[in-house]
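**Student:** Following this message is one structure expressed as C-alpha cells.
Derivation of every value follows stated rules applied to the coordinates shown; laboratory data play no part. Predicted, not measured: the structure shown is a model, and the values here were computed from it. All Cβ positions, glycine included, derive from the backbone under ideal geometry; neighbour counts span all protein chains shown.
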Amino acid sequence: GLPSREALLQGLNPQQEEAVKHAGSPLLIVAGAGSGKTRVLSNRIAYLIATGRAHHGEILAITFTNKAAAEMRERIEALVGNRAKSMWISTFHSSCVRILRREATNVGLNSNFSIYDSTDSLRLITLVAKNLELDPKRFAPKAIQHKISALKNELIDDDAFASTANYNEPFEQAVAEVFKGYTQRLRQANAMDFDDLIAQTVYMFRAFPALAESYRRRFRHVLVDEYQDTNHAQYALVREIVGEGPQASELTVVGDSDQSIYAFRGADIRNIVEFEKDYPEARTIKLEQNYRSTQNILSAANSVISRNPNRPDKKLWTAEGDGEKIIGYVGENEHDEAQFIAKEIDRLQDEDGLRPGDVAIFYRTNAQSRSIEDVLVRVGLPYKVVGGTRFYERKEIKDALAYLRVLVNPDDDVNLRRVLNEPKRGIGDRAEGAVAALAERERTSFMAAARKADQAPGMATRSVNAVLGFVKLLDDLAEVATGSGAAAALEAVLEQTGYLAGLRASTDPQDESRVENLAELVAVVREYERDNPEGSLGEFLEQVSLVADADQIPDAPEGSSADAAAAVAEAKRMGVVTLMTLHTAKGLEFPVVFLTGMEHGLFPHQRSATDPKELAEERRLAYVGLTRARKRLYVTRSEVRSMWGQSQYNPASQFLEEIPGELVDWKREGTSRQVSGWGGASIGSNRYGGSFWGAGTARGTGASPTAGFDADVPAAVVRNRVQPQKEIVAVSVGDKVNHTSFGNGTVIGVEGSGDKTVAKVKFDVGEKRLLLRYAPLTKL
Ligand code: ATP
Ligand code: MG
C-alpha cells in the first residue's frame, strides 16, 4: 500500500513541506548542502503518486550521475515500493539513449546506433583531420575534439558553426571542416558520441513537434536534481520535454550554485541563476536548515565557500549543536597520513562503536588512493574504492604487472596471453589460436611456440611477423629487467610496448587516469627498490600479489561506476570504509569523513594557479567535500608526497587556512610554512618536469576537459610534464660510473647506439648489462 499523505510530510520543515506539496507553476528549490533537496525531491515524487496527482509512469526524474539515480530510486522505493522500479529515474544521458532508441528512425538512424566514447570519437576526428591534410601539430585533434564537444553542448551543429565560424582564424576553419566530416562519418557509421545523445534528442524534438508533444503528455512531471550542473544542451532538453504555456508539464529543479563542480563539461550556473527569468511564473523556495552536519562542520564549510566571489550569502543553520571539533593532521609523508587515518578509524571503533561502513575517505585524484589502500590492507581494515577499481585490480595495473610476470617467467601463459595483443599489435584471435595449437601439440609453453610462429600452420605472414616481433620485444625487455632492475623494467615495458603511447593518444579521461595510475605503479616499484636494495623483480611481484590478494571483499564489476550508489550502499551494509574522489562524493553523506591530500597544487589543483574561475570551482569542490560529513570531519595533508616517482614538498592547501582556526584540533602540525595564494617558491612550473613520465604533445592543448571525472587527472600537472627524453649518458669502455642500486662500477663494454645503447658494467655485485636509456647511471 501507499503511505498516507501525512506520513510523507511528517518531519518536514515548513519550506520542505511547501516544496513537496507545491502544484502548478515551475518550482525552483535552491539551498545549501544537506538541507534536504534530494529528500524533498524524493518525497515530492512519492507524494505525487500517493495523492493520485500522478501515475508513476508520468514522472521523469533526472539526476546528474548514475549513482545519484540509483540512490534516488532507493529512497523512492522505500516510500512507494515496487512502483519505483519501472519509473524513469536516470541521468540525462541514459534518458536520452532510451528516447533515441525508440525514436531513432526519426533522426535517420536505426535504433541500434552505436555510442562512441571519447576514445572512439578522437580516433575518428584524427582520421578526418588527416584526410583533410591538417597538420596535427598546428591543429591538435584533441583540441579540435574539445571544441566540437563544447559546440555540441551549446547546441551548435556543424552547419551552424560553418556559417558563423571566423574563417580568418585558422583554428576555427579547421574545426569547421573537421566538424563537418566528423558529423558525416558518425552518420555513416550509425553512431553518436556522448554529446550527440543530448543534442540529437533536442534536435529531434525540435524537428518533430508532435513527437515532443507526445513526450510532454507522457511526462507530466519532470524533476531535476543537481540542476547547477546542467549544461546548455541539457537545459534545452528539459525545456523541450516540459513545454510552455498552460499545457506545460510541471517542472521541479533543485540545486545549489555553491556545488557546481562540472564547469569543465560545460555546466553553467547561469541555468540556475536565470531560472526565474526563463520561467517568470516560477516559485522559488529556499531551504535553510541543514540536517546533515554539526555546527562546527557547517561553519567550516560556510567559511571556506564564503571566499568565493559573486555569490549570494546563504544562511545555513543546524539544530545539531557544535559537535566535535574538526581534527587536522599533517603527515610527514603520504604513508604517515594514511597511517593516521587507519589509526583514527581503529580508535573510533574502540571508543565510539563506530563501524568502518560509517567512514569515507576522499581525495582529489584517483591515484591518491594507492597509499591509503596499502595501509588499510596492512592493518586489515576492509575498504571499497567507489567509482574506480581497487588499485591492483585496475586494468592498466594488471596489464603492466602481467608484462613483468612474463619477463620473470616467460612460461606464464595466462599473463603472456593477457598482453599478447595489449596494446593492439596485429595479433588476432586466429593467430593466437594457431600458436596455442602449436604449443599444445609440442607440449611447450605458449612463449616457446611463439618463437616458432613461422612453423605454426595456418598463419598469415603478417601474423607470423607480429608474433615474432612480440617475442623479440619481450626478449629485449627481459634484458632490461635483469640488467637494470624492476623500475627500469617497468618503465621500459610501458614505453617500448607502446602501452603508454596508446593511453596518451586517447582523450578518454579514464585513459588519462590510467597514465596516472601507472605513474603511481612506477613510484611503488621505485620505493620497493629503495627499501629493498637487494630485491629482485620476482620478489617485488611476489609482494604485490600478497597485497592484491589480501582481502577478498567482493567488488563491483569492473568499470561499473554506474553502480557507485549501490557500491556505497553495499560498503555501508558490509561495514567497509569507502574511498572515492571528491567528484564522486557529490550528494552523499557519511558519519565520518576524511578529506585527504589538502595540499597546495594538489587541492586546489595546480591549474587554478592562473585562473580565478578554476580556483572558485576547486573551492566549491572543497565545500562539497566538507559538507559530506555528518558527525566527524578530518582534514589531512602530507608534507612530502611522492608524485611521479619523485618527492614533492607540498605546502598546505589554502582551503585549510580558510577554516577558522578555533574549529580545528591539530593532532600534528606541519613544519613547512603555509603558503597563501599562489607563487610559492616550491611550486615552480617544473615540479613535475624532468621525470620519466612524458605527457606527449597532444596533452598540451590546454583544452582537456578531464578535470574531476571519476577518472581524474590534474590537467596542469599534465601540461607541465616533459617528453620522456631521459638523456642518454655517453659512456665508453673504462669509464667509472655510479648506479643508484649497484653502486660504483667500471664500463667494460658498449653495444648498440642511440636509444638502444647497452653498457656492460662491472660492479661489486657482478657484471650487469644496462640499457642506458633507463638505467639510473651517472658518470663519475
Ligand atoms: P546535497 O546538497 O549534499 O545534495 P541535499 O540538500 O540534497 O544535500 P539531502 O541529502 O536530501 O540534502 O538531506 C541531507 C540529510 O538530511 C539526509 O540524511 C536527509 O535524510 C536529512 N533530512 C533532510 N530533511 C530532513 C528533515 N526534515 N528531518 C530530518 N532529516 C532530514
Ligand atoms: Mg542532494
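**Student:** On a straight-distance basis, which aspartates and glutamates could pair with Lys152 in a cross-link, Cα separation under 19 angstrom, same-chain partners fewer than 8 positions away excluded?
**Tutor:** Hits, sequence-local ones excluded: Asp117, Asp120, Glu172, Glu177, Asp193, Asp195, Asp196, Asp229, Glu240, Asp268, Asp508.
**Student:** Would you calculate the separation in nanometres between label points at Glu244 and Lys343, each defined as 7 Å from the Cα along the Cα-to-beta-carbon direction?
**Tutor:** Those two pseudo-labels are separated by 6.4 nm.
**Student:** Let me ask something else about it. In nm, to one decimal, how far is the modelled label at Arg5 from the one at Trp666, with both set 7 Å along Cα→Cβ?
**Tutor:** Between Arg5 and Trp666, the simple spin-label model gives 5.8 nm.
**Student:** Once you've got the Cα coordinates, tell me which of Lys277/Lys613; Lys137/Lys760; Lys85/Lys398 are over 29 Å apart.
**Tutor:** Lys137/Lys760; Lys85/Lys398
**Student:** Just check the stretch 1-111 against the gyration tensor rule for me: Cα atoms, a ≥ b ≥ c as the square roots of the eigenvalues, rounded for a/c under 1.5, and otherwise prolate or oblate depending on whether a/b exceeds b/c.
**Tutor:** In terms of gyration-tensor shape, prolate.
**Student:** Please give the calculated 222 nm ellipticity per residue for the chain, where each DSSP H segment of at least 4 residues contributes -39500 (n - 2.57) and the sum is spread over every residue; nearest 500 deg cm²/dmol?
**Tutor:** -14000 deg cm²/dmol
**Student:** Could you pull out the trypsin sites (Lys or Arg not before Pro) across the stretch 581-669 that fall in loop regions by DSSP (anything but H, G, I, E, B) with no more than 14 other Cβ atoms inside 10 Å?
**Tutor:** none
**Student:** Mind checking the angle between helix 170-188 and the chain's longest principal axis? C-alpha axes, 0 to 90 degrees, to the nearest 10.
**Tutor:** So the helix axis and the longest Cα principal axis differ by about 80 degrees.
**Student:** Provide the FRET efficiency to the nearest 0.05 for the Thr461-Ser732 pair, computing r from the beta carbons and using R0 = 41 Å.
**Tutor:** About 0.50, to the nearest 0.05.
**Student:** Also, quick follow-up: Rounded if a/c is under 1.5, else prolate if a/b beats b/c, else oblate: with a ≥ b ≥ c from the C-alpha gyration tensor eigenvalues square-rooted, which is the stretch 398-450? Let's see the in-between values first.
**Tutor:** On the way: a/c = 2.87, a/b = 1.24, b/c = 2.31.
Taking the square roots of the gyration eigenvalues as a ≥ b ≥ c, the stretch 398-450 is oblate.
**Student:** So if we plug the beta-carbon distance of Ile115 and Asn82 into 1/(1 + (r/R0)^6) with R0 = 35 Å, what FRET efficiency do we get, rounded to 0.05?
**Tutor:** Details: r = 30 Å, r/R0 = 0.85.
Efficiency for this residue pair is about 0.70.
**Student:** Could you calculate the FRET efficiency of Asn106 with Arg425 from 1/(1 + (r/R0)^6), where r is the beta carbon distance between them and R0 is 51 Å, rounded to 0.05?
**Tutor:** In this case the efficiency is close to 0.75.
**Student:** Also, quick follow-up: In whole angstrom, how far apart do the alpha carbon centroids of the stretch 192-225 and the stretch 275-311 sit?
**Tutor:** 30
**Student:** Residue separation times 0.36 nm, minus the C-alpha to C-alpha distance between Glu276 and Glu658: what's the value?
**Tutor:** Values: separation 382, 0.36 × 382 = 137.52 nm, distance 3.23 nm.
Additional length available on full extension: 134.3 nm.
**Student:** Okay, moving on. Which of the three applies to the stretch 202-343, rounded, prolate or oblate, going by the alpha-carbon gyration tensor with a ≥ b ≥ c and a/c under 1.5 meaning rounded?
**Tutor:** It comes out prolate by the Cα gyration axes.
**Student:** What is the helix-to-structure angle for 461-496, meaning the angle in degrees between its Cα long axis and the longest Cα principal axis of the chain, kept from 0 to 90 and rounded to the nearest 10?
**Tutor:** Its long axis makes an angle of about 90 degrees.
**Student:** What is the chain's relative contact order, in percent, from Cα pairs under 8 angstrom and six or more apart in sequence?
**Tutor:** 16
**Student:** Can you tally the net charge around Ala23? Count Lys and Arg as +1, Asp and Glu as -1, for every other residue whose Cβ sits under 15 Å from the Cβ of Ala23.
**Tutor:** +1
**Student:** Specify the angular offset, from 0 to 90 degrees and rounded to the nearest 10, of the alpha carbon long axis of helix 194-207 from the longest principal axis of the alpha carbons in the chain.
**Tutor:** That works out to roughly 40 degrees.
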